[in-house]
Structure formats: C-alpha cells, structure tokens
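A short worksheet on the structure shown next.
The values are calculated or read from the model by the stated rules, or taken from the named source; none is laboratory data. All figures in this text were calculated on a predicted structure; none of them were measured in a lab. Positions of Cβ are backbone-derived with ideal geometry, glycine not excepted, and every protein chain shown enters the neighbour counts.
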Amino acid sequence: MKVLYFTATGNSLSVARKIGGTLISIPQALKTERFYYEDDVIGFVFPTYCGNVPRIVREFISRCQLKADYFFAVATHGNKMGYGNVADEFREYAAKYGYTFKYINTILMVDNYLDAFDITKEEEKYLDKEIHMHLSDIIYDIKAKKEYIKKAGAKEKMFTAFAKSMLAKIDKGEKARSFIIDEKCIKCGTCAKACPRGNISVSDKVEFGDNCESCYACLHICPKNALHLKTEKSNERWRETGISVQDIIDSNNQHKS
Ligand SMILES: Cc1cc2nc3c(=O)[nH]c(=O)nc-3n(C[C@H](O)[C@H](O)[C@H](O)COP(=O)(O)O)c2cc1C
C-alpha cells in the first residue's frame, strides 16, 4: 500500500502514519517530479480547505500516473460540518483524470484555520475519544477494501458551494502577502523549510512570493511565533501530537538539502 499525503500541521501525516503502508509526501513528489506509483492499494490523506481539496493535491492528481486495484482517500478537517462536500469534490476531480476512488471518508481533527479558530479551544476537542474511534473504523474499512463515499447533506453541500469563491481566492496564491512578520523573527528560515510551495525566502528579511498554498504551515511552525494573520483568533499555534518540526520540514521542504 502507498499513501500519498499533504500536511501543514501534522494532522494528515498522523492519520497517514496510522493507516500505514509506504508514505509519500505530495509536495516532495512534485518537487522530484515522481508521478508514477503502482501498488495493490493507493490512498490519499490531505486537509480540507473551504470544504474542498487543496490546490497542491489537485495539481498532483492532474499530473500523476497511478495504478492500483483499490483507491481510497481520507480528508482531515477541523470544523464539525466543515468537511462539506469534499468527498464528492475529490471523487469527481479524480474521475476527470481516470481514477475511480472506492472509498472516501473524512475525519474531524484540530482546526488549524487561525482566522476562525482558537487553538487552545481546539485542543480540547482532541481529547474527544470519538476521533480516535472513528480513525480505527476508517483503518478497518480500508483494510477490508470497503466501498463507501461519504455523503454530504444539504447543509454541507451548501457550505462547499458558498466556500467556492473563498477557494478561488486562496487558489490565487497571494494569501501570504497579508501575513505579518513581527520583531521576534530571528530569520532562522524554519518557515521557508516548512513551506510546501517554496514560497518563502529568508535572507536579511523574510519574503513571500505569490504561490502560497494557504496551508499555514509557516505560521504554525515558527519557533518564535513571529508570524501572524492580521485577524487571528489567538496567537496559539498547533502541531499534531507525535509529529515533529522535522517531520513537517521533511514533508514540505522545497529547498535542496
Ligand atoms: C486555508 C484553510 C482552510 C480550511 N478550510 C476548512 C474547511 O473548509 N472545513 C474544515 O472543517 N476545516 C478546514 N480547515 C482546517 C483543516 O482542514 C484541518 O485543521 C486539517 O486537519 C489540517 O490538516 P494538516 O495538519 O494535515 O494540515 C482549513 C484550514 C486551512 C489552513
């Protein structure tokens, strides 16, 4: 089994690890232009953005060549109803490129969308045993090669439909232009290494380009907490338990090592 994953704060990496198999980072696959993968089972694990699929995952799907008997996907998300119609959006997008996904599910985790969520309150959610039980069910389903696509209700479909304009906005890649770098920045370059798009350069100053994924890996990983949104719910930051700074860097770094 091969599991292709994208992660900014470790939620999706943690799920991918628990599912098992050989893990392949989507940003690294794009960086090294490795697009061909074959196995009996191939899966995707990624965060939900705007009730939809992140641009980097869509880009990979549009460029890859995959061969498997069973395809599955798990979208992590942070807001109870926030998975929206991500399962169908992903299914349809993959189908456009000839892939039939037999299983697509979602899993509620800590919400790293700092514009709307306070990480301190989010962490309490993590204590919810349901999250862990739900993941065990998903792992069981995948092992059994179950066929299931998570259905969205009317409210969830509406959420994804409403959020389309926001997705189009973040797809432009300009989000980082509004990030604030405060005086605590020591120009260590950790943000640049955690960026899956290689969109940050650090010399005597930190500069953002126009290919931001809006994943917030840089905001969450900064060791000095020197990166901020203009309007963030709190200055608390998140990294999934068991996931290290190096794990995020290894997953996302676009620079030559
Ligand atoms: C730009 C952005 C948009 C997001 N949109 C949604 C959303 O529509 N619904 C939702 O439930 N969570 C949303 N989230 C939260 C993430 O999907 C969630 O925290 C995910 O588990 C993060 O995974 P990661 O740590 O692997 O990056 C969003 C996060 C970001 C940064």
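So the values come out like this:
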| read-out | value |
| --- | --- |
| Matching residues in region 108-125 - criterion: being within 9 Å of the ligand (Cβ to nearest atom) and modelled with pLDDT of 85 or more | LEU108, MET109, VAL110, ASP111, ASN112, TYR113, LEU114, ASP115, ALA116, PHE117 |
| Cβ pairs under 9 Å, 6+ apart, first in region 29-45 and in the same structural domain as ILE149 (by TED's automatic domain parsing) and of a type in the set (Asp, Glu), second assigned to a strand (DSSP E or B) and surrounded by fewer than 16 Cβ atoms within 10 Å (Cβ to Cβ) | GLU38/GLN65; GLU38/LYS67; ASP39/THR22; ASP39/LYS67 |
| Filtered residue count, region 181-212, keeping only those that are part of a loop (DSSP other than H, G, I, E, B) and among the small types (Gly, Ala, Ser) | 4 |
| Whichever residue in region 37-77 is more than 14 Å from the ligand (Cβ to nearest atom), in a strand (DSSP E or B) and within 17 Å of the chain's Cα centre (by Cα) and, among such residues, is farthest from ILE104 (Cα to Cα) | GLY43 |
| Residues of region 193-231 satisfying the condition of being closer than 21 Å to ASN11 by Cα and modelled with pLDDT under 95 | none |
| Listing of helices (runs of 4 or more DSSP H) fully contained in region 110-172 that carry 3 or more residues being touching a residue at least 40 places away in the same chain (Cβ under 8 Å) and in contact with a Cys (Cβ under 9 Å, 6 or more places away or on another chain) | 154-171 |
| Exclusive hit being away from the ligand (no atom under 16 Å from the Cβ) and surrounded by 20 or more Cβ atoms within 10 Å (Cβ to Cβ), set PHE90, PHE101 | PHE101 |
| Residue identified as over 15 Å from the mean Cα position of the chain (by Cα), within 8 Å of the ligand (Cβ to nearest atom) and closer than 24 Å to SER214 by Cβ among LYS31, LYS80, LYS96 | LYS80 |
| Residue check, ALA16 near the ligand (Cβ under 10 Å from one of its atoms), farther than 24 Å from GLY173 by Cα and among the aliphatic types (A, V, I, L, M) | yes |
| Count of region 142-180 residues which are crowded, with 17+ Cβ neighbours inside 10 Å and away from the ligand (no atom under 16 Å from the Cβ) | 1 |
